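Contents: one structure, followed by commentary.
The values are calculated or read from the model by the stated rules, or taken from the named source; none is laboratory data. All figures in this text were calculated on a predicted structure; none of them were measured in a lab. Neighbour counts run over all protein chains shown; Cβ positions are idealised from the backbone, glycine included.
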There are 2 protein chains.
Amino acid sequence: MRTRERRRGRPAVARPERRSLRYRSLANPFAPIEPLSADEVEHLHLSALELLRRHGIRVLLPEAREILRTAGASVDEATELVRFEPELVLRATATAPSSFELIGRSPERTVTLGGRHLATVPVSSPPAVSDLDGGKRVGNLADFRDLVRLTQHFDVLHVTGPCVEPQDVDLPFRHLCMGLIDFAAAGQLSVVTPFTLAGAMAPVTLAGALTLQHAEALAGITLTQSVRPGAPVVYGAFTSNVDMKSGAPAFGTPEYFKAALASGQLARHVGLPYRSSAPNASNAVDSQAMYETMMSLFGAVLGGCNLLIHAAGWLEGGLTASKEKFVLDVEVLQMLAETFEPLVVDDEEIGLDAIGETPPGGHFFGGEHTLQRYRTAFYEPLVSDWSNFGQWTEAGSRDATQRANEVWKRVLSEFEPPPLDDAVAAELQEFVARRTAEGGAPPES
Amino acid sequence: MRTRERRRGRPAVARPERRSLRYRSLANPFAPIEPLSADEVEHLHLSALELLRRHGIRVLLPEAREILRTAGASVDEATELVRFEPELVLRATATAPSSFELIGRSPERTVTLGGRHLATVPVSSPPAVSDLDGGKRVGNLADFRDLVRLTQHFDVLHVTGPCVEPQDVDLPFRHLCMGLIDFAAAGQLSVVTPFTLAGAMAPVTLAGALTLQHAEALAGITLTQSVRPGAPVVYGAFTSNVDMKSGAPAFGTPEYFKAALASGQLARHVGLPYRSSAPNASNAVDSQAMYETMMSLFGAVLGGCNLLIHAAGWLEGGLTASKEKFVLDVEVLQMLAETFEPLVVDDEEIGLDAIGETPPGGHFFGGEHTLQRYRTAFYEPLVSDWSNFGQWTEAGSRDATQRANEVWKRVLSEFEPPPLDDAVAAELQEFVARRTAEGGAPPES
């Protein structure tokens, strides 16, 4: 008999009154599903290298072309095409680290990217926002703050992102435009994610789209390592397909699922952490939004994803950040995190005596084995309603999306900002004030 | 380089105009996810055997007690408790076949249960039915027929089931009440599925609930093999948990997911095909209905399920058969079936030349590589809407449930019954007429 390590926060003797939140550090226990053989992975990899050697990739920024030329790439300034010998690319994937930490403002928020670790990021940068109260509208700073607060509230979200574009803030002040070169030079994390829609800007076959994705990712990774060998970089994948009747992008499709599994294999083949996403193509927070999201999510997780971007709030192909969808996605992420917890098998958990003491046809509600554990035995949902039809009807027949609307309002109304050292806060405020007075960042820098 | 077998129906040269339906025979290519070590599986198995030896199980039917006594079990007639020595149980699991066929009326509908095969069955036996037009109501014969026709229409459903109780038909005529003994004696399939809700009629721990499930399943399996060694029997699992505040059953929970994975290990441990389900606890066809269904479905499929019951139409904890949910579930099953198709990697699929011929910033819509494949490259959804927000709004902002309503109406309006030999049809009609005249089956036989 092998006894697994007991659940964190659940000592054998003193049992807690409430199930504690423990979603800050997730390790995926499931072995990745690998649809491709080792030979097939190598075949895609070599095809991508051949693509970079023979056809190259167009690099728009002169500084980047210069860095790559210095590193050994062949540059045609007239066409802006950069061609890579395989050795240059392989040197880059060899110096890029396979695992590293993203340092949090609070030490307990630091997350590891790589190995079995899974870190999540909410939806990033849709131009619009929506909720049941106001419908779809252009994103503004108040919505942006709401989404950052929701991200801060839920421990199952690990890294914050630009949840929605605050379009009431002028562009020069909205963000500091920084490229791969600056991030790599500063030793900061880059995520290189080609957007390869099979049938549109990538071949109609998954094998072709994955080859193009791999080539583009390798080119970006080579750039980061040419700037600073060892700079942390994540292999990003966003291969999906389009509706061949209309050209519209689709997400959470069977093709997306298979590409997410295969992309994990490609990322591991070059020894880098793997970034994926949990998108959907629905225009409403409905059944489609959730079944497509679940397909994407399981594709990512079973593919061995380390960094899950657009993990909460993505709607309408990424054009809208939905607050209700945000809450529903958090529910799903929490459920997923719970499946990562080990299923403990030992005599105490099996409780053979407890079973023997319960007569046939009896129930276990009042038994000692139950009373010791019932408070923390099961996941308590955020939105799911398990009442019977009569109770549910009496309570107003509210569907999950309507209940999610109540959840985000309650979270925001009770929100307390995390503690921040006064001196640090003052410094940040001074920085923002100074940069604003200086006119912000030029949009094209 | 290894080249996988080409897709069925997609020969290398003559490409079909339309993507053909090919969901009649599904083989799950994904290796099962196994949360338990081999030692832990054996520990649960031995605990269940000990439970059957020490405490036994209550068997209500005198005929069954007599069969088990003859087979070697110890029977206490006063308490109706039957105790099993482990050898008796192990002899039964040894004679039960690990794989067998369910013969279809048409030969192409025959399905294999066991190995990597996956067969699906729609929701079975809810007392109520619902759709957007009529809301929730008591099931009737017209609804029953609608659901059977929907089952017949979609190839991704393999075995029909009693989709809803037709309560306008008197009980004696509704069904022939047959037990495990009759099925086993006739060499017909039995599925032994204990309903073990952790915290209610089973221990609050998953390890305890799985032990009880395993013990009850083994007792039923032993009965079938005592009647007729070699009779086909499926190991059924339906372990979930309750809401510990209200006692209400929950489905598609993280606990359900883990139990579904572990149950597959237990079924394989005793060498039997594994039956699971795709239920949810929602009262509406909404986001919750789908994310819970997806959790159940992935738990079943990643657990190595061979027979998936309640695969389409289950709502409200199984108390209602929903026609819209039926269609949404078919969409999800078809998507799942598509993920089972191999991801073909060869030079023709990669299309390096096609990539090279497409200039940076160009698209692949008109290329020869695309034109050869675009008609059949991707799954075409049944309900999913991939139009943009403007088009979707102009078309009436219909959510996925409303679109599913149109789908089942269209399928029923166009339904043509499958061909049936006139002589067979006449024989069936004669049988029903005769049994009806005789007064039907007594409810308590």
Only one of (1) away from chain B (no Cβ under 14 Å); (2) over 15 Å from the mean Cα position of the chain (by Cα); (3) among the small types (Gly, Ala, Ser) does not apply to A:GLY135, and that is (1)
So, first residue of a type outside the set (Lys, Arg) in the stretch B:403-427, second residue surrounded by fewer than 12 Cβ atoms within 10 Å (Cβ to Cβ) and in a helix (DSSP H, G or I), Cβ within less than 7 Å, six or more apart or across chains; the pairs are none
Those residues of the stretch A:362-382 which are at the interface with chain B (Cβ under 7 Å from one of its Cβ atoms) and of a type outside the set (Lys, Arg) amount to A:HIS363, A:PHE364, A:PHE365, A:HIS369, A:THR370, A:TYR374, A:ALA377, A:PHE378, A:TYR379
Practice task
With the condition kept exactly as written, say whether any residue in the stretch A:384-399 is under 18 Å from B:THR211 (Cβ atoms) and within 11 Å of chain B (Cβ to nearest Cβ).
Solution key: no
Inside the stretch A:264-297, the number of residues satisfying the requirement of being within 12 Å of the chain's Cα centre (by Cα) and under 16 Å from A:GLU34 (Cβ atoms) is 2
From the option list A:LEU46, A:LEU36, single residue qualifying as within 24 Å of A:ALA219 (Cα to Cα), surrounded by 19 or more Cβ atoms within 10 Å (Cβ to Cβ), at pLDDT 95 or above and among the hydrophobic types (A, V, I, L, M, F, W, C) is A:LEU36
Going through (1) among the charged types (D, E, K, R); (2) surrounded by fewer than 20 Cβ atoms within 10 Å (Cβ to Cβ); (3) touching a residue at least 40 places away in the same chain (Cβ under 8 Å) one by one, B:ASP168 fails only at (3)
Selection from the stretch A:297-322 of residues under 24 Å from A:ARG145 (Cβ atoms), outside any helix (DSSP H, G or I) and not hydrophobic (A, V, I, L, M, F, W, C) yields A:HIS310, A:GLY313, A:THR320, A:SER322
Sole miss for B:SER130 among (1) at pLDDT below 95; (2) in contact with a Leu (Cβ under 8 Å, 6 or more places away or on another chain) is condition (1)
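Residue by residue through the stretch A:205-241, note down the ones that are among the polar types (S, T, N, Q) and buried (at least 23 other Cβ atoms within 10 Å of the Cβ).
Going residue by residue through the stretch A:205-241, those that are among the polar types (S, T, N, Q) are A:205, A:211, A:213, A:222, A:224-226, A:239-241.
Within the stretch A:205-241, A:THR205, A:THR211, A:GLN213, A:THR222, A:THR224, A:SER226, A:THR239, A:SER240, A:ASN241 qualify.
Yes or no: the stretch B:54-63 includes at least one residue that is in contact with a Pro (Cβ under 8 Å, 6 or more places away or on another chain) and among the charged types (D, E, K, R).
To start, the set of residues in the stretch B:54-63 that are in contact with a Pro (Cβ under 8 Å, 6 or more places away or on another chain) comprises B:57-58.
Of the ones still in play, those that are also among the charged types (D, E, K, R) are B:58.
Within the stretch B:54-63, one or more residues are in contact with a Pro (Cβ under 8 Å, 6 or more places away or on another chain) and among the charged types (D, E, K, R).
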Of all helices (runs of 4 or more DSSP H) fully inside the stretch A:342-445, the set with 3 or more residues that are of a type in the set (S, T, N, Q) is A:400-413
Log entry, pairs with first residue in the stretch A:361-375 being farther than 16 Å from B:ILE57 by Cα, second being of a type in the set (A, V, I, L, M, F, W, C) and surrounded by 16 or more Cβ atoms within 10 Å (Cβ to Cβ), beta carbons closer than 6 Å, six or more apart or on different chains, reads A:GLY367/A:ALA354; A:HIS369/A:ALA354; A:THR370/A:PHE364; A:THR370/B:VAL204; A:ARG373/B:VAL204; A:TYR374/B:VAL204; A:TYR374/B:MET244
Within the stretch A:140-168, the count of residues that are farther than 25 Å from A:LEU118 by Cα and in contact with a Phe, Trp or Tyr (Cβ under 7 Å, 6 or more places away or on another chain) comes to 1
For the stretch A:13-41, pairs from a residue that is facing chain B (nearest Cβ under 9 Å) to a residue that is at pLDDT below 60, with Cβ under 7 Å and 6 or more apart or across chains, are A:SER37/B:ARG2; A:ASP39/B:MET1; A:ASP39/B:ARG2; A:GLU40/B:ARG2
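Please tell me if A:ALA202 is within 14 Å of another protein chain (Cβ to nearest Cβ), small (Gly, Ala, Ser), crowded, with 20+ Cβ neighbours inside 10 Å and in contact with a helix residue (DSSP H, G or I) (Cβ under 7 Å, 6 or more places away or on another chain).
Values: within 14 Å of another protein chain (Cβ to nearest Cβ): yes; small (Gly, Ala, Ser): yes; crowded, with 20+ Cβ neighbours inside 10 Å: yes; in contact with a helix residue (DSSP H, G or I) (Cβ under 7 Å, 6 or more places away or on another chain): yes.
It is true that A:ALA202 is within 14 Å of another protein chain (Cβ to nearest Cβ), small (Gly, Ala, Ser), crowded, with 20+ Cβ neighbours inside 10 Å and in contact with a helix residue (DSSP H, G or I) (Cβ under 7 Å, 6 or more places away or on another chain).
Given the criteria outside any helix (DSSP H, G or I), under 17 Å from the mean Cα position of the chain (by Cα) and more than 8 Å from every other protein chain (Cβ to nearest Cβ), does A:VAL234 qualify? I'd like the intermediate steps shown before the answer.
Working: outside any helix (DSSP H, G or I): yes; under 17 Å from the mean Cα position of the chain (by Cα): yes; more than 8 Å from every other protein chain (Cβ to nearest Cβ): yes.
The answer is yes for A:VAL234.
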If you go through A:GLU101, A:GLU66, the only one that is over 29 Å from A:GLU324 (Cβ atoms) and either at pLDDT 95 or above or assigned to a loop (DSSP other than H, G, I, E, B) (or both) is A:GLU66
Taking the stretch A:49-88 and the residues there that are under 32 Å from the mean Cα position of the chain (by Cα) and among the β-branched types (Val, Ile, Thr), the one that is nearest to the other protein chains (Cβ to nearest Cβ) would be A:ILE57
Expected single match for modelled with pLDDT of 85 or more and crowded, with 20+ Cβ neighbours inside 10 Å among A:LEU147, A:LEU141 is A:LEU147
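Quick one: count up the residues across the stretch A:262-292 that are part of a helix (DSSP H, G or I), touching a residue at least 12 places away in the same chain (Cβ under 8 Å) and either at the interface with chain B (Cβ under 8 Å from one of its Cβ atoms) or among the charged types (D, E, K, R) (or both). Let's see the steps before the verdict.
Narrowing the stretch A:262-292 to residues part of a helix (DSSP H, G or I): A:262-269, A:287-292.
Now restrict to residues that are touching a residue at least 12 places away in the same chain (Cβ under 8 Å): A:262-269, A:289-292.
Retained after the next criterion (residues that are either at the interface with chain B (Cβ under 8 Å from one of its Cβ atoms) or among the charged types (D, E, K, R) (or both)): A:262, A:268, A:289-292.
Residues in the stretch A:262-292 being part of a helix (DSSP H, G or I), touching a residue at least 12 places away in the same chain (Cβ under 8 Å) and either at the interface with chain B (Cβ under 8 Å from one of its Cβ atoms) or among the charged types (D, E, K, R) (or both): 6 in total.
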Going through the stretch A:99-126 in order, the residues found to be polar (S, T, N, Q) and surrounded by fewer than 16 Cβ atoms within 10 Å (Cβ to Cβ) are A:SER99, A:SER106, A:THR110, A:SER125
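In the stretch B:332-351, how many residues are under 15 Å from A:MET295 (Cβ atoms), at the interface with chain A (Cβ under 7 Å from one of its Cβ atoms) and of a type in the set (Asp, Glu)?
Residues of the stretch B:332-351 that are under 15 Å from A:MET295 (Cβ atoms), as a first pass: B:332-341.
Add one more test, that the residue is at the interface with chain A (Cβ under 7 Å from one of its Cβ atoms), and what stays is B:332, B:335, B:338-339.
Cutting the leftovers down to of a type in the set (Asp, Glu) gives us B:338.
The qualifying residues number 1.
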Exercise for the section: Please indicate, with yes or no, whether at least one residue in the stretch A:193-216 is under 22 Å from A:LEU333 (Cα atoms) and at pLDDT 95 or above. Expected result: no
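Each row is one residue, and each column tells you yes or no for (1) within 30 Å of B:VAL345 (Cα to Cα); (2) in contact with a Lys or Arg (Cβ under 7 Å, 6 or more places away or on another chain).
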residue	(1), (2)
A:GLU40	yes, yes
A:VAL59	yes, yes
A:THR93	yes, no
A:PRO97	yes, no
A:SER106	no, no
A:LEU118	yes, no
A:VAL123	no, no
Within the stretch A:364-390, of all residues that are closer than 19 Å to B:GLY317 by Cα and out of contact with any Asp or Glu (no Cβ under 7 Å at 6 or more places or on another chain), the one surrounded by the fewest Cβ atoms within 10 Å (Cβ to Cβ) is A:GLY390
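Looking at B:ALA354, is it surrounded by fewer than 24 Cβ atoms within 10 Å (Cβ to Cβ) and at the interface with chain A (Cβ under 8 Å from one of its Cβ atoms)?
Yes; evaluated as a whole, the condition is true for this residue.
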